[in-house]
Amino acid sequence: MPAGNSGLPAVLRLTGVTKTFPGGVRALDDVSLTIGRGELLAIVGPSGSGKSTLLNVMGTLDLPTRGTVEIAGQDAASLNDRRLSALRGRWLGFVFQQFHLTDGLTAAENVATSLLYAGVSRRRRAPLALTALERVGLGHRVGHLPHQLSGGERQRVAIARALVNEPALVLADEPTGALDSANGGAVLDLLVRLNREGTTIAVITHDGNIADQLPRQVEMRDGRVVRDTGPRTGPAPEGTP
Ligand code: ADP
Ligand code: MG
């Protein structure tokens, strides 16, 4: 992997990314951003500033109009659809505001779905799903269906599903946005703990209070990065080996 600006290997690198939608809206305007392994950062900005568009481009769910997106050193534009979805399955985990769990599946089955897509054998899926649910404090809820779980528990299942493949980067879009403040706080605490245990996480939020609790803030306005506090571990001066 190429080095990130913290000196750690970069898990994601955007260079000069512009996204223009049909009709001419420029949702992203020359965005460059490097995320190093082990980081926990907030991408923060008001509604309409380009956060979701940025998440889609970072997650290779959408391609930029201009600029490059590299995941773990691989240029997303050089891959066909099949390889791109393999890259997503291998390197990325997604957490959404509305959880996006499958209704008829238990917590364990929802988590195991990620493993199915990653090609893990049936026999190994159940124990890995259980371990992931234990990591998020839901070892006692493995057989519950989504409607039998609270909102906070559902989001923790979604986080376990995002983690179970040990992705290089977890992308979380407003992960506390559908939760009350107590459950939202618990989910944020969980993300902080998982980061301490080694997971690289980008949290997209419109909420400055949430952003301020994370070690790095990247602020978006009108499709541009207007502030980036950079990785917390002091960046090496330019040109330092
Ligand atoms: P945020 O997530 O920060 O609210 P978005 O990335 O959703 O911002 O949107 C950024 C801008 O791009 C907005 O002006 C929005 O209206 C526009 N936009 C987003 N998606 C599309 C689309 N599919 N087609 C046209 N314009 C879009
Ligand atoms: Mg959005």
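Condition check ((1) in a loop (DSSP other than H, G, I, E, B); (2) at pLDDT below 95) across all residues:
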{"position": "G119", "(1), (2)": "yes, yes"}
{"position": "P127", "(1), (2)": "no, no"}
{"position": "L133", "(1), (2)": "no, no"}
{"position": "H140", "(1), (2)": "yes, no"}
{"position": "H144", "(1), (2)": "yes, no"}
{"position": "E153", "(1), (2)": "no, no"}
{"position": "I159", "(1), (2)": "no, no"}
{"position": "V170", "(1), (2)": "no, no"}
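Are any residues in region 31-43 surrounded by 24 or more Cβ atoms within 10 Å (Cβ to Cβ) and either without any contact (Cβ under 8 Å) to a residue 60 or more places away in the chain or within 10 Å of ligand 1 (Cβ to nearest atom) (or both), and if so, which ones? Selection gives I43 alone. For L28, the test of being farther than 23 Å from L191 by Cα, within 9 Å of ligand 1 (Cβ to nearest atom) and open to solvent by less than 10 Å² (accessible area, probe 1.4 Å) is passed. Checking each residue in region 222-231 for being of a type in the set (K, R) and exposed (fewer than 15 other Cβ atoms within 10 Å of the Cβ) picks out only R227.
Here the condition is being more than 16 Å from ligand 1 (Cβ to nearest atom) and over 29 Å from T53 (Cβ atoms); of L128, L169, L194, L188, it holds for L128 alone.
Of all residues in region 58-83, those being outside any loop (DSSP other than H, G, I, E, B), over 16 Å from the mean Cα position of the chain (by Cα), surrounded by 14 or more Cβ atoms within 10 Å (Cβ to Cβ) and among the aliphatic types (A, V, I, L, M) number 1.
Can you say whether G50 is over 14 Å from A27 (Cβ atoms), touching a residue at least 24 places away in the same chain (Cβ under 8 Å), within 16 Å of ligand 2 (Cβ to nearest atom) and buried (at least 18 other Cβ atoms within 10 Å of the Cβ), as far as the supplied structure shows? No.
Could you check L55 against (1) part of a helix (DSSP H, G or I); (2) more than 16 Å from ligand 1 (Cβ to nearest atom); (3) out of contact with any Phe, Trp or Tyr (no Cβ under 6 Å at 6 or more places or on another chain) and say which number it fails? The failed condition is (2).
In a residue-by-residue description of region 90-103, the property of being more than 10 Å from ligand 1 (Cβ to nearest atom), at pLDDT 95 or above, loosely packed, with under 15 Cβ neighbours inside 10 Å and among the acidic types (D, E) applies to at least one position.
The values are calculated or read from the model by the stated rules, or taken from the named source; none is laboratory data. On a predicted model such as this, the values are computed, not experimentally measured, just so you know. Because the Cβ atoms are built from the backbone with ideal geometry, glycine has one as well, and the counts that use them run over all protein chains shown. Remember, those area values only see protein heavy atoms, side chains included, never the ligands or the DNA or RNA. Shrake-Rupley method; radii C 1.70, N 1.55, O 1.52, S 1.80 Å.
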